[in-house]
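Take a look at the structure below.
The values are calculated or read from the model by the stated rules, or taken from the named source; none is laboratory data. Fair warning: this is a prediction, and the values are worked out from it, not measured in the lab. Cβ placement follows ideal geometry from the backbone for every residue including glycine, while neighbour counts extend to all protein chains displayed. The accessibility values were calculated without ligands, DNA or RNA, using every heavy atom of the protein model including side chains. Shrake-Rupley method; radii C 1.70, N 1.55, O 1.52, S 1.80 Å.
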Amino acid sequence: MPEISRDEVAHLADLARIDLTAEELDHLAPQLSVILESVASISGVAGADVPPTSHALPLTNVFRDDVVTPSLTPEQALSGAPEVESQRFSVPRILGDEQ
Amino acid sequence: MAAALDAGETTSVALTQAHLDRISAVDGAVHAFLHVDAEGALAQAAASDARRSAGQVASPLDGVPIAVKDVLATDGLPTTCGSKILEGWVPPYDATVVRRLRAAGLPILGKTNMDEFAMGSSTEHSAYGPTHNPWDLGRIPGGSGGGSAAAVSAYEAPLALGTDTGGSIRQPAAVTGSVGVKPTYGGVSRYGLVALANSLDQVGPVTRTVLDSAILHELIGGHDPLDSTSIDAPVGGLVAAARQGAQGDLSGVRIGVITELSGDGWQDGVMARFTEAVDALVGAGAEVVEVSCPHFVHALATYYLILPAEASSNLAKFDAMRYGLRVWPEGDAPSAEEVMKATREAGFGDEVKRRIILGTYALSSGYYDAYYGTAQKVRTLISRDFEAAFEQADVLLSPTAPTTAFPLGAKLDDPLAMYLNDLATIPANLAGVPGISVPSGLADEDGLPAGLQILAPALADDRCYRVGAAAEALLAEQWGGLLLDRAPSLDGGADGEAVSA
């Protein structure tokens, strides 16, 4: 039976960039184990010869002509930003202390 | 209502004001809306009335007000997806379906409540509090589109838009006695829909009658170059199919009842109403066969691997950099990554975190083949089940949801029990086929609405409308009116009379 440990949930949360609290880790780990156990029931249902479906439609790439069409103005594109500077998104520092 | 507008018996301003008044009167108790735009709706209504006087009606629904699920981008109106992480965000553009509503002259009343990022079956996962079922305010209105379904069934809006990833239009419709349609995947543009799971999401109508859904579907459907998964084929014949079905003649139509969607866990009263609805269709000349879709029992597990996988990557865009919430953690000069982590911790609710972690797990190296890879293969088997079933029957039938509305809070701490609500609706999303839910009556145990689900092959949405309209007409004849006529009035007055849009 698959089980996710508290440490594993903490690692996954780190990968997903969410700072979970200790309480959240405590209740998420058992809940996720129950869900995983249930979804693991599909292992072995499909043989190796079954092709995977990623999409309901038989899609090929859709291209358009490379022409300029109306789009958002810089003001519109920046309108929802938490912080703006010189017509750009202003973000926290992206490098660590050691870098 | 469109007919009354045509006949000059009312105006769009009067209609819109009447719905705004109804919202003021009952939405404190129902909480279907996250944002009401009275001023904007009345201005659009006045413009509609002016067009009508000038003889330039823009569409069959010009002037009929509508509510829009808060997962669809609306230029100038807040769009939160039921999440704190988007609180106060005002999109600088319209979703294609919203643009089409505006072009067709429908005043937009406001934005409706939903489970956060459409993850849920009860609307209890909204960061802004749950919506209440108009039939019993202590119960859930379904989800994730509980706000749209409640608005329509509480007469706060004659029409609404929803989105359906695993049943979020059809299940709320079933438990609120309204009509909800998930179109064929690719039939309606997803541009401007904040994606939950791109390969499953579809926008569709929520209404009080099947014909209203057909009219609205034709308005919002059709090819959109801004959505690369949009099908490049005309959408039509839906209104005609609904009118044909309403005649109550189903001679030559083969209906298949899905064996796997009944049995243990299905409420007796829901099954009783389902059987009666099937009998009514047979009485109208339909031929009934039982069909087996053996892989449907694996649909739920398949869905809860594919959906979190897609959702975890979709929701990565909420990174506190370009829009939405930004939370600074304690400490000196935190990095972008630390800000992102603190923001997502503060901005996302429990269910969203659960699914992001589950999706991250399913996509991790070492587990990818065992979980996501296997789920994609089972998805193929489910599509093959549909293909085989549609060789035996023109449409497939099941109850829309296994139970009627449950009490608020009943399943909040048991995610797996919550997921089971979507047992019957999920297969259609995995295969991309269309489905409709129409009211099948009230369950004996609790007097609450149940739904009949009708599924058709991809691009054969017209069959859903034909059989759906037939079921609606035949059952209304038995009941002496629409099911919603029997809904509680909520404002202490006499019960309402269902009015079609």
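For the protein assembly as shown, the convex hull spanned by the alpha carbon atoms encloses 165 Å³ per residue.
For chain A, the longest principal axis of the alpha carbon atoms and the long axis of helix A:6-15 meet at an angle near 20°. Burial of accessible area (probe 1.4 Å, heavy atoms of protein chains only) in the range A:44-58, relative to its chain alone, reaches at least 30 Å² for A:Val45, A:Ala46, A:Val50, A:Pro51, A:Pro52, A:Thr53, A:Ser54, A:His55, A:Ala56, A:Leu57.
Chain A packed on chain B takes about 4900 Å² of accessible surface away from a 1.4 Å probe, both sides summed.
Ligands, DNA and RNA are left out, and with a 1.4 angstrom probe the accessible area of chain B is 30 Å² per residue. Ligands, DNA and RNA are left out, and with a 1.4 angstrom probe the accessible area of chain A is 68 Å² per residue.
The alpha-carbon of B:Lys69 sits under 16 angstrom from the alpha-carbons of these aspartates and glutamates, leaving out residues fewer than 8 places away in its chain: B:Asp27, B:Asp37, B:Glu87, B:Asp94, B:Asp115, B:Glu116, B:Glu124, B:Glu156, B:Asp164, B:Asp201. Expressed as a whole percent, the accessible surface of the protein assembly as shown that belongs to carbon and sulfur atoms is 52, based on a 1.4 Å probe. Annotation note: GluC sites (Glu not before Pro) in the range A:14-86 located in DSSP loop regions with a Cβ neighbour count of at most 16 within 10 Å are A:Glu83.
Pairs spanning more than 24 Å between alpha-carbon atoms, out of B:Lys317/B:Lys377; B:Lys84/B:Lys341; B:Lys111/B:Lys411: B:Lys317/B:Lys377; B:Lys111/B:Lys411. Any idea how far the Cα center of the range A:31-75 sits from the one of the range B:117-171, in Å? Spelled out, the Cα-based centre of one part sits 26 Å from the other. Relative contact order of chain B, taken over Cα pairs closer than 8 Å and 6 or more residues apart, is 18 percent. Shown here are the Rg and Dmax of the Cα trace of chain B, at 21.4, 75 Å.
For the range B:201-242, a drop of 30 Å² or more in accessible area on going from the chain alone to the assembled protein chains (1.4 Å probe) is found at B:Ser228, B:Thr229.
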